[in-house]
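Notes to accompany the following structure.
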Amino acid sequence: MTRNLSKGAISRREMLKLGALGAAGLALGGPRRAWAQDGATPAKAKSIIQIWMWGGPSHLDTFDPKPSAGYEYCGSLAKAIPTNVDGIQIGESLPLLAQQADKYAIIRSMTHGINAHETASYVMQTGREPGGGLVFPCLGAVVSLMKGYDHGYKGLIPPYIVLTEPQGRFSEAGFLGPIYKPFATGGDPNQKRFEVAGVIAAGVSDERQKDRRELLHTLDTLGKAMPADPRFAKLQQCEEKAYDLILGDAGKVFDLSTETDELRDRYGRNTFGQSCLAARRLVELGVPYVTINYKGWDTHKQHFEIMRRKLPEMDRGMATLLQDLADRGLLDSTIVWWGGEFGRTPRVQWEAPWNGGRGHYGACFSVVVAGGGFKGGQVVGASDATGEHVAERPVYPQDLLGSIYQLMGIDPDGPLPNPRGLALPLTLPSKGKGRLTEIM
């Protein structure tokens with residue numbers, strides 16, 4: 001049985017319909033256009049893995065440590081550690097990522113000034129502020145539009161995947177419509193069997209699935225009586241796609257048991273670590289956009305206790321992902337971007353009722369990008385001595401998204417199709433120095 005995890009995700013039935021329409025060149029409700037991108041530069045990246053730090057991670061405790069700011073700001077995480085790039089230091093809880101710093105660039109001057117989850121999530125993933133009567137699509141939906149079935153993608157796995165839950169903060173597809181929604185896997189990749197919604201049924205083995213298919217064929221007397229009927233031929237085609245997804249090579253991308261125990265251990269035996277491994281397998285298969293929605297970073301209370309548990313988990317999973325992609329020759333063609341809707345208050349909220357928490361903070365925070373044409377071993381911009389304000393080179397969401405689009409060979413200044421037929425550019429003009437050309 002197919003489960004819909006939320007209104008923001010597509011089901012297996014919709015997934016199969018999407019793939020079939022892609023093959024036929026048709027869209028829901030009418031002819032489908034291959035959107036022209038006359039101004040696009042050649043793509044350096046083929047895929048994107050987005051590590052979405054759901055809730056907003058602290059920049060001081062991760063990639064912009066401020067040990068000289070004192071206990072009022074740093075709490076018990078007061079040390080910075082060197083990396084394998086001279087002059088770059090990161091938080092003490094990320095020793096494995098410190099050894100991968102030559103592979104990524106740290107943007108320490110992200111800003112949008114918004115402290116509300118929903119609005120900040122929308123702004124960070126669409127590059128636009130809400131309002132005006134239009135709900136814009138996020139980066140993943142645009143990549144699905146520009147690099148999915150309209151542009152030669154033929155995979156049975158949809159071009160936009162979410163591991164494992166959609167955020168539900170806003171409609172990812174916006175006005176592009178349901179065909180560009182992500183497919184959310186559900187399940188837990190750290191379980192013995194990764195029960196992907198609509199693909200792997202709980203408690204049903206592959207052998208039992210095959211038996212069910214044989215039973216279905218035995219009972220299908222009408223189909224046997226009319227083998228030449230084109231309607232039955234279409235049904236047969238859909239059935240073959242469905243079972244290829246369930247039992248064939250396409251669905252096997254979610255079977256992490258085919259990886260070695262040693263590699264799975266390196267990623268970390270937890271939901272995030274195994275999600276990183278699943279993401280690598282998906283981009284290896286050619287899926288253009290994968291989001292890992294990594295929960296647990298909205299730490300108003302017990303912040304440091306949570307960081308002591310979460311940061312080593314993140315460190316292991318993300319560091320192994322970068323190294324694994326590099327070892328397989330995939331990092332040059334895969335963008336990895338890490339970040340959330342905002343950072344967290346640099347000054348620790350020691351007062352009651354927070355008692356050592358960090359609040360929402362959109363004035364200044366960090367994002368990390370790696371691979372796919374982004375230069376590693378770099379730092380873009382700077383925050384001030386306490387991490388409260390941007391000191392150099394403010395970077396706005398449209399600057400970040402425009403840079404990613406450009407590396408994917410999508411013209412950031414090109415048109416964004418919309419239901420009103422308005423002349424909308426894909427990204428808005430920068431409020432600062434523009435795209436991240438210094439690391440591209």
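A residue that is assigned to a loop (DSSP other than H, G, I, E, B), under 17 Å from Ile161 (Cβ atoms) and of a type in the set (A, V, I, L, M) cannot be found anywhere in segment 331-345.
If we keep just the residues of segment 284-293 that are outside any loop (DSSP other than H, G, I, E, B) and open to solvent by 10 Å² or more (accessible area, probe 1.4 Å), which is nearest to Thr345 (Cα to Cα)? So, considering only residues that are outside any loop (DSSP other than H, G, I, E, B) and open to solvent by 10 Å² or more (accessible area, probe 1.4 Å), the one nearest to Thr345 (Cα to Cα) is Asn293. Counting only residues that are among the hydrophobic types (A, V, I, L, M, F, W, C) and more than 18 Å from the chain's Cα centre (by Cα), segment 392-406 holds 1 of them.
From the list Glu118, Glu72, the lone residue that is within 22 Å of the chain's Cα centre (by Cα) and more than 26 Å from Gly377 (Cβ to Cβ) is Glu118. Put simply, of Ile114, Ile81 the only residue that is open to solvent by 20 Å² or more (accessible area, probe 1.4 Å), in a loop (DSSP other than H, G, I, E, B) and in contact (Cβ under 8 Å) with a residue 12 or more places away in the chain is Ile114. Considering (1) acidic (Asp, Glu); (2) open to solvent by 20 Å² or more (accessible area, probe 1.4 Å); (3) within 18 Å of the chain's Cα centre (by Cα), the lone condition that Glu305 does not fulfil carries the number (3). For segment 252-267, the set of residues classified as closer than 12 Å to Asp324 by Cα and open to solvent by 70 Å² or more (accessible area, probe 1.4 Å) consists of Arg266 only.
Inspect all residues belonging to segment 385-401 and state whether any of them is under 30 Å from Ala78 (Cβ atoms), outside any loop (DSSP other than H, G, I, E, B), open to solvent by 10 Å² or more (accessible area, probe 1.4 Å) and of a type in the set (Val, Ile, Thr).
First, the residues of segment 385-401 that are under 30 Å from Ala78 (Cβ atoms): 385-395, 400.
Now drop any that are not outside any loop (DSSP other than H, G, I, E, B), which leaves 390-392, 395, 400.
Now restrict to residues that are open to solvent by 10 Å² or more (accessible area, probe 1.4 Å): 390-392.
Narrowing the set further to residues that are of a type in the set (Val, Ile, Thr) leaves 390.
The answer is yes; a qualifying residue exists.
For segment 341-357, name all the residues that are open to solvent by less than 10 Å² (accessible area, probe 1.4 Å) and out of contact with any Ser or Thr (no Cβ under 8 Å at 6 or more places or on another chain).
The first filter runs over segment 341-357 and keeps only residues open to solvent by less than 10 Å² (accessible area, probe 1.4 Å), leaving 341-344, 346, 348, 356-357.
Phe342, Val348, Gly356 - these are the residues of segment 341-357 that are open to solvent by less than 10 Å² (accessible area, probe 1.4 Å) and out of contact with any Ser or Thr (no Cβ under 8 Å at 6 or more places or on another chain).
Whether a residue is under 22 Å from Lys310 (Cα atoms), over 16 Å from the mean Cα position of the chain (by Cα) and at pLDDT 95 or above was assessed, and Arg269 passes this test.
For segment 149-162, does any single residue satisfy the condition of being open to solvent by 20 Å² or more (accessible area, probe 1.4 Å) and under 18 Å from the mean Cα position of the chain (by Cα)? Checked segment 149-162: no residue is open to solvent by 20 Å² or more (accessible area, probe 1.4 Å) and under 18 Å from the mean Cα position of the chain (by Cα).
A Cβ distance below 6 Å, combined with a sequence gap of six or more or placement on separate chains, defines the contacts here; from segment 408-425, residues that are loosely packed, with under 13 Cβ neighbours inside 10 Å and part of a loop (DSSP other than H, G, I, E, B) reach residues that are modelled with pLDDT under 95 and of a type in the set (Phe, Trp, Tyr) in the pairs Pro419/Phe175. Considering each residue of segment 358-373 in turn, none proves to be charged (D, E, K, R) and open to solvent by 40 Å² or more (accessible area, probe 1.4 Å). The set of residues in segment 163-185 being surrounded by fewer than 24 Cβ atoms within 10 Å (Cβ to Cβ) and not in a loop (DSSP other than H, G, I, E, B) consists of Gly174, Phe175, Leu176, Pro178, Ile179.
Yes or no: segment 84-92 includes at least one residue that is open to solvent by less than 20 Å² (accessible area, probe 1.4 Å) and either modelled with pLDDT under 95 or assigned to a loop (DSSP other than H, G, I, E, B) (or both). Looking through segment 84-92, at least one residue is open to solvent by less than 20 Å² (accessible area, probe 1.4 Å) and either modelled with pLDDT under 95 or assigned to a loop (DSSP other than H, G, I, E, B) (or both). Residues that are open to solvent by 60 Å² or more (accessible area, probe 1.4 Å), part of a loop (DSSP other than H, G, I, E, B) and either modelled with pLDDT of 95 or more or farther than 28 Å from Met124 by Cβ (or both) within segment 39-75 comprise Lys44, Lys46, listed in sequence order. Being at negative phi and out of contact with any helix residue (DSSP H, G or I) (no Cβ under 8 Å at 6 or more places or on another chain) is the filter here, so list the residues in segment 421-430 that pass it. Of everything in segment 421-430, those that are at negative phi and out of contact with any helix residue (DSSP H, G or I) (no Cβ under 8 Å at 6 or more places or on another chain) turn out to be Leu422, Ala423, Leu424, Pro425.
The values are calculated or read from the model by the stated rules, or taken from the named source; none is laboratory data. Quick caveat: nothing in here was measured; it's all calculated off a predicted structure. Backbone-built Cβ (ideal geometry, glycine too); neighbour counts: all protein chains shown. The protein model used for the area step is the full one, side chains on, heavy atoms only, and it has no ligands, DNA or RNA in it. Shrake-Rupley method; radii C 1.70, N 1.55, O 1.52, S 1.80 Å.
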